[in-house]
Amino acid sequence: MIIIEPHIHMYSRTTDDYVRMYEAGIRACVEPSFWLGTNRRYAGTFFDYFRLILDFETVRARRFGIDHYSAISVNPKEAENTSLAFEVISGMDEYLDHPRCIAVGEIGFNNINKKEEEVFAKQLNIAHMRRIPVIVHLSHLEKVKAIKWTLDVIKNEKIPEELVEIDHNTEESMPFARETGCYTGMTVYPISKLTPERVSGLVKQFGNERMIINGSADWGISDPLSLVKVCDFMKKDGHPEKAISSILFDNPNAFYSQSSKWKPDFNLKPVDPKEFQR
Ligand SMILES: [Zn+2]
């Protein structure tokens with residue numbers, strides 16, 4: 001089965017991870033803009049990071065047989081510094097125009113407050129105006145408060161709901177998210193967030209339509225093969241192969257296909273390291 005990893009931060013992963021991902025059947029991935037571990041102090045630091053994930057990371061991934069795309073944004077963790085956030089947003093167009101940028105994201109709430117709402121709403125509007133997909137991060141603090149406010153922001157913007165993926169859903173937020181036409185994401189992590197068992201249960205409860213699973217591996221305790229483990233668990237848990245492949249391939253493919261730039265080559269082959277060019 002070919003797998004699309006719809007959300008992973010390869011910036012902080014090694015080449016060994018790319019090798020293992022390829023061997024496990026992952027052929028394309030999307031890297032949303034994230035928090036590097038300390039808050040950035042300059043707009044230029046964001047811009048250099050955008051360039052890195054759009055240019056360098058794409059080339060690095062390709063050497064290992066994986067087609068890599070990115071999403072650009074001021075992430076929720078850094079949205080409270082509104083003056084810096086708006087300075088970054090005002091310079092974001094050239095990165096959004098980049099051939100490897102297929103979405104806005106991740107955006108949304110972290111501490112769930114008015115300042116974050118301003119930055120979230122502005123970036124949601126950019127995705128709306130450009131008619132491109134947008135990845136919305138659901139705060140880990142209070143899921144019900146976060147989903148309700150997130151849905152208000154989405155409804156106020158009147159963005160077509162199929163352009164939006166609401167990520168990091170749990171049993172608490174999913175009933176609200178599934179009432180919309182948004183794609184609904186679940187993040188699987190080794191020790192926090194969801195386990196394969198919980199994902200399987202949520203799919204049984206809510207169906208596989210518009211469901212997306214994200215590994216979201218980054219610099220924390222995380223696993224670039226999360227999706228493969230979910231796939232194995234769901235098979236054992238009685239889900240039909242078709243339902244599993246819709247979640248691991250068809251749904252993320254349909255979501256990102258709303259960007260005309262998403263044309264992944266699933267037939268890439270790893271390059272012999274001797275052929276690598278600097
Ligand atoms: Zn992320």
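The values are calculated or read from the model by the stated rules, or taken from the named source; none is laboratory data. Just so you know, these numbers come straight off a predicted model, no measurement behind them. Cβ atoms come from the backbone with ideal geometry, glycine included; neighbour counts cover every protein chain shown.
Being of a type outside the set (Asp, Glu), touching a Pro at 6+ places or on another chain (Cβ under 8 Å) and at pLDDT below 95 is a property that does not hold for SER192.
If the condition is being within 18 Å of the chain's Cα centre (by Cα), more than 16 Å from the ligand (Cβ to nearest atom) and without any contact (Cβ under 8 Å) to a residue 40 or more places away in the chain, then region 152-177 contributes ILE154, GLU161, SER173, MET174, ALA177.
Do we have ARG178 as crowded, with 19+ Cβ neighbours inside 10 Å and basic (Lys, Arg) here? The answer is yes for ARG178. Filter region 1-56 for residues that are part of a strand (DSSP E or B) and closer than 23 Å to ASP232 by Cβ; which is farthest from the ligand (Cβ to nearest atom)? Applying the filter and picking the extreme gives ARG27. Of all residues in region 14-44, those satisfying the criterion of being closer than 22 Å to ILE72 by Cβ and among the polar types (S, T, N, Q) are SER33, THR38, ASN39. Select from region 185-198 the residues that are surrounded by 13 or more Cβ atoms within 10 Å (Cβ to Cβ) and within 16 Å of the ligand (Cβ to nearest atom) and write down the one among them that is farthest from ASP223 (Cα to Cα). Across region 185-198, the extreme among qualifying residues is GLY185. Just one of (1) under 28 Å from ASP237 (Cα atoms); (2) in contact with a Ser or Thr (Cβ under 6 Å, 6 or more places away or on another chain); (3) within 16 Å of the ligand (Cβ to nearest atom); (4) not β-branched (Val, Ile, Thr) trips up HIS140, so point out which. With (1) under 28 Å from ASP237 (Cα atoms); (2) in contact with a Ser or Thr (Cβ under 6 Å, 6 or more places away or on another chain); (3) within 16 Å of the ligand (Cβ to nearest atom); (4) not β-branched (Val, Ile, Thr) applied to HIS140, the lone miss is (2).
Does at least one position in region 45-55 carry a residue that is surrounded by 15 or more Cβ atoms within 10 Å (Cβ to Cβ), within 19 Å of PHE249 (Cβ to Cβ) and out of contact with any strand residue (DSSP E or B) (no Cβ under 9 Å at 6 or more places or on another chain)? No, region 45-55 contains no residue that is surrounded by 15 or more Cβ atoms within 10 Å (Cβ to Cβ), within 19 Å of PHE249 (Cβ to Cβ) and out of contact with any strand residue (DSSP E or B) (no Cβ under 9 Å at 6 or more places or on another chain).
Any residue at all in region 200-207 that is closer than 23 Å to TRP149 by Cα, of a type outside the set (A, V, I, L, M, F, W, C) and surrounded by 14 or more Cβ atoms within 10 Å (Cβ to Cβ)? No, every residue in region 200-207 fails to be closer than 23 Å to TRP149 by Cα, of a type outside the set (A, V, I, L, M, F, W, C) and surrounded by 14 or more Cβ atoms within 10 Å (Cβ to Cβ).
The sole residue among ASP250, ASP223 that is outside any helix (DSSP H, G or I) and either aromatic (Phe, Trp, Tyr) or on the phi < 0 side of the Ramachandran plot (or both) is ASP223. Taking the condition modelled with pLDDT under 95, assigned to a helix (DSSP H, G or I) and away from the ligand (no atom under 16 Å from the Cβ), does ARG278 pass? Answer is no for this residue.
Against the list (1) within 16 Å of the ligand (Cβ to nearest atom); (2) within 20 Å of ARG41 (Cα to Cα); (3) buried (at least 24 other Cβ atoms within 10 Å of the Cβ); (4) not hydroxyl-bearing (Ser, Thr, Tyr), the condition ASN110 fails is (3).
Residue selection: ILE102 fails the criterion of being away from the ligand (no atom under 16 Å from the Cβ), surrounded by 15 or more Cβ atoms within 10 Å (Cβ to Cβ) and farther than 13 Å from ASN75 by Cα. You will find that of SER222, SER216, the residue that is without any contact (Cβ under 8 Å) to a residue 60 or more places away in the chain and within 13 Å of the ligand (Cβ to nearest atom) is SER222 and no other.
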